[in-house]
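Here's the structure we're looking at; comments come further down.
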Amino acid sequence: MRVALIAVLVGAASMNPSAATQAIQKRDAAIRAVLPPMGQSPTEAQKTQAQSLLTQFIDFQGMAEAALGKHWKQMSPAKRKELVDAFTTRLKAATLSQLDFYRSTQIAYAPAVVQGDRVKVPTSMVVQGEPTQVAYVMKPGKDGWQIEDIVIDEVSTIDNYRSSFARVINKEGVDGLIARLEKRRTTPADGGARKVAPAK
């Protein structure tokens, strides 16, 4: 009974929503500190460092598994790793188009909301002259907070990928999906933070 109570208390402490918001705020501040002012082109080293900061909390495997749904269970461990590697590279490449937003706009952070065993951190910014809502669905992990989904203007990244992945797998199988992810891995997401670019 005592062990169970301790586990509950630890879990409640780890779900502190303000801590999740602070993690995103610190990440964003670190990205801005790495990048040069607007008007100056970042070096490749600065881009790499900023990209690493931008994606450091993302649970790539969790997102890939959620996007694949029933297909994930049907895959071998080796095939899962192959797909997660391709998905990770693809998503990291897509973030490069978002780096300028951290130099050209202010980000507002709304109070985080606990949703079951997850925390949703809502933020807002102006992208290409339009107000844009970006919310991070996060969970506490052993190494800190992890991003499980990114919701842009109420559109879930995972939901976007789920429909796209299912369409490709039905036509070309998992190997076809991996090939498409690998082919598109150097192509940034069209529209930056306003859109999520799935495998077409």
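Here, each number is a calculation from the coordinates, and none is a lab measurement. Remember, it's a predicted structure, so these values are computed and weren't measured experimentally. In this analysis, Cβ positions are derived from the backbone assuming ideal geometry, glycine residues included, and neighbour counts consider all displayed protein chains.
Judged by the gyration tensor of its Cα atoms, with axes a ≥ b ≥ c, the stretch 2-194 is oblate; a/c meets the 1.5 cut and b/c is at least as large as a/b. Remark: the ASP175-ASP143 segment gains 8.3 nm on full extension, using 0.36 nm per residue and subtracting the alpha carbon distance. Counting only DSSP beta bridges whose two residues both lie in the stretch 2-194, roughly 95 percent are antiparallel. Each residue, LYS81 and ALA45, gets one label point 7 Å from its Cα in the Cβ direction; the gap between the two is 3.3 nm.
According to the Cα-based calculation, Rg over Rh for the stretch 43-91 is 1.10, with Rh computed by the Kirkwood formula.
Here's the list of lysines a cross-link from LYS171 could span, going by alpha-carbon distance under 20 Å and ignoring same-chain residues fewer than 8 apart: LYS70, LYS73, LYS79, LYS183, LYS200.
Estimated translational diffusion coefficient (Stokes-Einstein, Kirkwood radius over Cα pairs, 37 °C, 0.692 mPa s) of the stretch 95-165: 246 µm² per second.
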